Amino acid sequence: MNIVSILKASIQKAVEALYDKKVSLEELSINETKAEFSGDYTLVTFSLTKLLQKKPDEIAHELGSYLLANDPLVTDFEVIKGFLNVTIHSDYFIEFLAGNYSNSQYGKSDWAHEKIMVEYSSPNTNKPLHFGHLRNIFLGHAVAAILKNVGNEVVKVNLINDRGIHICKSMIAWQLFANGITPEQAHVKGDHFVGDYYVKFNDEYKLQVATLIADGMNEELAKKEAPIMLAAQDMLRKWEAGDEATLTLWKTMNSWVYAGFDVSYKKLGITFEHIYYESQTYLSGKSIVEKALANQLLFQKEDQSVWIDLTDAGLDQKLLLRGDGTSVYMTQDIGTAMLKYNDYHTDKSVYVIGDEQNYHMQVLKLIMQKMKEPCADGIQHLSYGMVELPTGKMKSREGTVVDADDMVDEMVGIAKKNTEELGKVDGFSSEELLQLYNTLGLGALKFYLLRVDPKKKMIFNPEESIDFHGFTGPFVQYSHARISSILRKATVEDLTLDVKPAISRTEKNLLKLLEQYPAILFQAAKEMNPSIVCNAVYQVAKEFNAFLVDHSVLKAADANTMKQRLQICLLCKHVIAHGLHLLGIAAPERM
RNA sequence: GGUCCCGUAGUUCAAUGGAUAGAACGAAAGUUUCCUAAACUUUAGAUACAAGUUCGAUUCUUGUCGGGACUACCA
């Protein structure tokens, strides 16, 4: 129970005692009191006027007087119009501090008990990861950690799109232009290596189309008839037919890509419990569709193609199997959804996928519901907005894609430069320095991508580097390092207090933030929104820095005050480290 | 055309229908004999437009203008 819940319950009782009326906890609106008024929390009484048949300020006065007289937690109140500003006894926060400062897991809770799968990253194997993928990856990783933190059992999975025309394009280009060279021989990271041939394919394709048009063919036909495109399609057919040479090449090139991805994932600190491959799942939807057809849940057109009718949901009819019996994209997703469910029997299955696929995901869920599959209701699309450049979307054809590996290297480079300029790292070994640069560079990058509400698209300007000051990862990390420094210098072991010194306004503000932290994490889990965690740790870090300015910890006036301030330091450190950990960000002891 | 999303300081982002719309960067000015100045303090600066619902609207409704996504027997 946190103070807001306690206060709500107390007000509920007060309403009953004063007016003999019942008000639900949901009807009570309590906010933090704005800084310019005295008080800690504010009850808005306008909404109670109908129920109580009184004016808002009257209600506020009466409730305030009652609370002051009957609730020992309330030490003062003030009424301004329909706002009842309540001051909470400092002892509540002092007790809270004493009871939690030593708990390094403070913030972890046991409020939810579902089994949840989170699918994220989900790359194609024809090109390396770019900046947009990073948003997906960090989101998935953080959301999984946030869901787990409140008590859920979480399974993190990656679904790799390893088959289809896109990889055939890379394969054809490699056959035509590579002379058998491998990434090792070329000294290029595997995913970039294969991506380069995907680009080569498109360059050559454009050239061939232009040539055909110059020879008098119309554009539409030229795009279909370009020899390199025909070759890629032929290769896809061979792949599907199980042609051995094609499969061998496919496996080889994919293994190069995976080697590259592994390096990136490792650097980013990203892990999965299970990896699905579309090459292994893409056929599995077919039998499910056929079963549903037999059960009259779907219908067939004259050409034998299978459809589902979603017009009653305001959507169209959707194709699920072609006339020749082959699968479409949606069929694969149906199969994969079933496979995931059969593997783990989850209550929820979260898909971290960009908002361009909102419609697709809506249709997938509807189809599963129509087919009465047990996994249907648990399907949740965690839709996030695209990362855009100031000029608009990133386009590989225009060469405006920001590569993920380059971005990471750049951020680590900036971390190195900043650290060297500040010159605070005497005594670091070269290994520790490298680790620090990684910690700070990745911290800046992850925080930058996670601090924005996932639903909203975000704009990244490559001209301006990601900041290390203000509302950023390094700022929070720095605060953690400062706290750690103080704690290292502290000589007392036992922080138990003999007497409890009074706390200042700043200290109370800080303790209020810390006290709310578990509830904030619960909200972040409910909304699957890491930006809430970014905000929470930033607020704590900021308020802590303000606290440090005029509260000497190690040179406090007396031993009890010092110990109490050390308790504050410890709890702040725990919360910052815990919150950053949920975001996938490391908290350095020194920087 | 249809469906959906988005317009908040110069810029990037906040704000369960609540008080005088918060931060950060950038701009201007200041703080260090003292626990890390990657910090702190101060100043200037915004809800695209117009109606409506409400005691109260950045938030809900409608319209206008502007931006984006989706709308394949592609994946």
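The values are calculated or read from the model by the stated rules, or taken from the named source; none is laboratory data. Source: prediction; values computed, not measured. All Cβ positions, even for glycine, are placed from backbone atoms using ideal geometry, and neighbour counts span all protein chains on display. Side chains included, ligands, DNA and RNA excluded: accessible areas come from the protein's heavy atoms. Shrake-Rupley method; radii C 1.70, N 1.55, O 1.52, S 1.80 Å.
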query: If ligands, DNA and RNA are left out, what is the accessible area of A:ARG451 with a 1.4 Å probe, given in Å² to the nearest 10?
result: 80
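Report the calculated FRET efficiency for A:THR49 and A:GLU302 (r = Cβ-Cβ distance, R0 = 45 Å), to the nearest 0.05.
Details: r = 65 Å, r/R0 = 1.45.
Using R0 = 45 Å, I get an efficiency of 0.10.
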- request: With a point put 7 Å past each Cα toward its Cβ, work out how far A:LEU487 is from A:LYS455 in nm, to one decimal.
  value: 3.6
- request: Compute the distance in nm between two label points, each set 7 Å from the Cα along the Cα-to-Cβ direction, one at A:GLU290 and one at A:ASP243.
  value: 2.6
query: In square angstrom, what is the accessible area per residue of the range A:44-150 with a 1.4 angstrom probe?
result: 41
query: Using a 1.4 angstrom probe with every protein chain in place, what is the largest-first accessible-area order of A:TRP111, A:TRP256?
result: A:TRP111, A:TRP256
- prompt: In the calculated pair distance distribution of the range A:164-271, what percentage of Cα-Cα distances lie above 21 Å?
  reply: 43
message: Please compute the volume of the convex hull spanned by the alpha-carbon atoms of the range A:406-582 and report it per residue in Å³.
response: 139
- prompt: Which whole-Hz couplings ³J(HN,Hα) result when phi for each residue of the range A:173-185 is put into the Karplus expression 6.51 cos²θ - 1.76 cosθ + 1.60, θ = phi - 60°, listed in order with x for Gly and Pro?
  reply: 4, 5, 4, 6, 10, 8, 6, x, 6, 10, x, 4, 5
message: What is the ratio of the Cα radius of gyration of chain A to 2.2 N^0.38 Å, with N the residue count, to two decimals?
response: 1.18
In degrees, nearest ten, helix A:430-450 long axis to first principal axis of chain A (Cα): 90
query: How high is the relative contact order of chain A, given as a whole-number percent (alpha carbon pairs under 8 Å, six or more residues apart)?
result: 15
message: Counting only protein heavy atoms and a 1.4 Å probe, tell me what percentage of chain A's accessible area is made up of carbon and sulfur.
response: 51
message: Given a 1.4 angstrom probe, what's the average accessible area per residue across the range A:426-520, in square angstrom?
response: 49
- request: Give the angle, between 0 and 90 degrees and rounded to the nearest 10, that separates the Cα long axis of helix A:244-268 from the longest principal axis of the Cα atoms of chain A.
  value: 20
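Hey, got a sec? Which GluC sites (Glu not before Pro) in the range A:102-185 land in a DSSP loop and have at most 16 other Cβ atoms within 10 Å?
On the way: sites: A:GLU114, A:GLU119, A:GLU153, A:GLU184; in loops: A:GLU114.
Answer in residue order: A:GLU114.
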message: Just to confirm my numbers, what's the Cα centroid distance between the range A:198-231 and the range A:306-324 in Å?
response: 33
- prompt: Counting other Cβ atoms within 10 Å of each Cβ, which trypsin sites (Lys or Arg not before Pro) in the range A:338-380 have at most 11 and sit in a DSSP loop?
  reply: A:LYS372
task: Measure off 7 Å from each Cα along the Cα-to-Cβ vector at A:GLU431 and A:GLN12, then give the distance between these two points in nanometres to one decimal.
output: 5.6
- request: Output ³J(HN,Hα) for the range A:136-146: one whole-Hz value per residue in order, computed from phi by the Karplus curve 6.51 cos²θ - 1.76 cosθ + 1.60 with θ = phi - 60°, and x for Gly and Pro.
  value: 4, 5, 5, 4, x, 4, 5, 4, 4, 5, 5
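Using a 1.4 angstrom probe on the protein heavy atoms only, could you order A:LEU510, A:LEU212 from most to least accessible area? Display every interim value, and only then the final one.
Values: A:LEU510 0, A:LEU212 40 Å².
Of A:LEU510, A:LEU212, the descending order of accessible area is A:LEU212, A:LEU510.
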